[in-house]
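The values are calculated or read from the model by the stated rules, or taken from the named source; none is laboratory data. What you see is a predicted model; the values in this text were computed from it and never measured. Here the Cβ positions follow ideal geometry from the backbone for every residue, glycine too, while neighbour counts run over all protein chains shown.
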Amino acid sequence: MSVVTKPNWQKLDADRAKVLAAANAKATLSVNGEAPDGVVLTCAATLTPEPVSWLWEGWLALGKFHILAGAPGQGKTTLALAVMALITTGGRWPDGSRCPAGNVLMWSGEDDPGDTLLPRLIAMGADPARVFFVTGTRMAGEVCPFDPARDMAHLMAQAEAIGNVRLLVVDPVVSAVAGDSHKNTEVRRELQPLVDLGANLGAAVLGISHFSKGSAGRDPTERVVGSMAFGAVARVVMAAAKVKGQDGEDDRRILVRSKSNIGPDDGGFEYGIDQAELDAYPGVVASRIVWGKPVDGTARELLGEAEANEDDDELTALDDACEFLRSELDRGPKPAKYLLGEGRQAGHSERTIKRAKAKLGIDSRKESSGWLWSMTADGAAKKAKDAKEAKESTFKNLGTVGTLGTVDGESEAF
């Protein structure tokens with residue numbers, strides 16, 4: 001029977017340290033003492049486990065990218081402004097926890113800072129001296145629109161000069177995507193500078209977005225408009241919605257977590273929106289958030305009931321799907337498999353894409369590589385018809401595929 005010798009752990013650790021030191025020195029130094037070009041590898045043994053740094057525990061993480069989405073009219077921008085106001089004063093979050101005071105940045109492509117954003121911030125008690133709006137980039141003496149692909153380094157420099165920046169809000173987040181917001185690879189590439197900015201600053205980044213039309217009932221993260229990359233890149237996705245009350249109760253607004261890779265992914269808070277006149281500015285009225293009680297459950301459960309006053313009916317969803325197909329086929333035929341995949345990425349159900357195909361009279365033909373869809377002359381002409389004629393033709397064209405005639409909905413031609 002052999003005797004197992006007890007390892008000399010101290011010696012093994014010392015040897016391991018020598019090997020790591022030699023490997024790091026060899027990998028990072030060239031002949032002239034500078035780091036060489038090439039892939040950078042980091043050994044896990046050289047890292048130290050760290051906890052997530054939370055701005056708001058479970059909701060907003062420093063150095064991470066987040067999404068807040070919802071249907072139009074749910075107060076998403078006002079919610080973001082409420083968060084900004086709270087940070088500037090070191091107030092208390094809806095769960096009662098205290099937030100350390102800090103500075104905030106906002107890049108808004110939809111609302112005017114003077115007549116909309118600032119009044120709302122003041123109505124919610126913000127410290128304006130801690131709020132900075134990204135309003136452009138000065139180049140050769142001229143102020144040009146902010147371009148994230150070009151100006152992110154300048155924004156980083158300004159943020160570092162301000163110091164203690166805790167949050168950057170981008171409204172809408174699609175403004176950061178110069179390419180096609182429905183294409184996964186383009187969205188990921190265009191969002192990366194924002195992700196890097198947050199990580200380098202140690203600030204939370206919050207992008208505001210909408211829900212796709214005709215997406216009620218689906219997982220809220222999948223409902224974020226555009227490519228699914230928006231929800232995938234975000235570490236936390238939040239949803240704002242108005243849901244119908246039960247047993248005679250009034251409709252209520254809720255902010256819920258739909259997804260989180262770094263913490264709990266359920267629960268939320270009720271909130272209300274009211275109007276207030278600013279004491280120091282007579283005649284200036286602004287919206288503000290009033291936080292309510294916590295709510296339990298997953299986002300899908302809480303939003304599962306029909307949302308009150310929902311505008312995204314079937315016809316609107318069909319119109320959007322038609323526009324998607326037109327834009328994809330304007331330059332020529334494309335594979336059906338590709339279009340269905342891109343359609344899903346854009347938030348359109350396969351059924352709606354098929355209905356849009358039928359409505360537009362898109363032609364299908366079998367190639368060696370699979371089915372190919374193309375816009376016919378008749379289909380292109382339909383783009384010029386008025387909305388009434390389009391709606392009347394919707395149900396008439398269901399189940400047809402251009403010149404192929406009626407086809408079973410399960411056919412590969414779809």
Among the residues listed as 179, 263, 202, the single one being surrounded by fewer than 20 Cβ atoms within 10 Å (Cβ to Cβ), over 10 Å from the mean Cα position of the chain (by Cα) and without any contact (Cβ under 8 Å) to a residue 60 or more places away in the chain: 179
Residue match in segment 115-122 (condition: in contact with a Leu (Cβ under 6 Å, 6 or more places away or on another chain) and β-branched (Val, Ile, Thr)): yes
Every residue from segment 350-378 that is of a type in the set (S, T, N, Q) and buried (at least 17 other Cβ atoms within 10 Å of the Cβ): 352, 364
Test: residue in segment 133-153 that is in contact with a strand residue (DSSP E or B) (Cβ under 7 Å, 6 or more places away or on another chain), surrounded by 17 or more Cβ atoms within 10 Å (Cβ to Cβ) and touching a residue at least 60 places away in the same chain (Cβ under 8 Å): no
Those strands (runs of 3 or more DSSP E) lying entirely in segment 120-225 with at least 3 residues under 28 Å from residue 74 (Cα atoms): 131-133, 165-171, 204-210
Residues within segment 72-85 that are small (Gly, Ala, Ser) and surrounded by 23 or more Cβ atoms within 10 Å (Cβ to Cβ), tallied: 3
Selection count where residues are closer than 15 Å to residue 168 by Cβ and surrounded by 23 or more Cβ atoms within 10 Å (Cβ to Cβ), scope segment 86-105: 4
Segment 102-141: number of residues that are over 23 Å from residue 207 (Cβ atoms), at pLDDT 95 or above and of a type in the set (Gly, Ala, Ser): 3
Any chance residue 117 is in a helix (DSSP H, G or I), under 22 Å from the mean Cα position of the chain (by Cα) and surrounded by 12 or more Cβ atoms within 10 Å (Cβ to Cβ): yes
Residue 240 vs. criteria more than 30 Å from residue 163 (Cα to Cα), assigned by TED's automatic domain parsing to the domain that holds residue 146 and touching a strand residue (DSSP E or B) at 6+ places or on another chain (Cβ under 6 Å): yes
Wholly within segment 278-377, helices (runs of 4 or more DSSP H) carrying at least 1 residues that are at pLDDT below 85 and among the small types (Gly, Ala, Ser): 314-329, 336-345
Flag for residue 173 being under 18 Å from the mean Cα position of the chain (by Cα), crowded, with 21+ Cβ neighbours inside 10 Å and modelled with pLDDT of 90 or more: yes
Which listed residue is free of Cβ contacts under 8 Å to residues at least 24 places away in the same chain, surrounded by fewer than 16 Cβ atoms within 10 Å (Cβ to Cβ) and under 21 Å from residue 71 (Cα atoms), from 283, 297, 272: 272
Subset tally (residues that are under 25 Å from residue 52 (Cα atoms) and out of contact with any Lys or Arg (no Cβ under 8 Å at 6 or more places or on another chain)) for segment 92-113: 7
Which numbered condition residue 326 fails, given (1) buried (at least 18 other Cβ atoms within 10 Å of the Cβ); (2) in contact (Cβ under 8 Å) with a residue 24 or more places away in the chain; (3) charged (D, E, K, R): (1)
Those residues of segment 182-193 which are surrounded by fewer than 22 Cβ atoms within 10 Å (Cβ to Cβ) and within 19 Å of residue 348 (Cα to Cα), in sequence order: 183, 184, 185, 186
Only one of 344, 355, 351, 365 that is at negative phi, touching a strand residue (DSSP E or B) at 6+ places or on another chain (Cβ under 8 Å) and of a type outside the set (A, V, I, L, M, F, W, C): 365
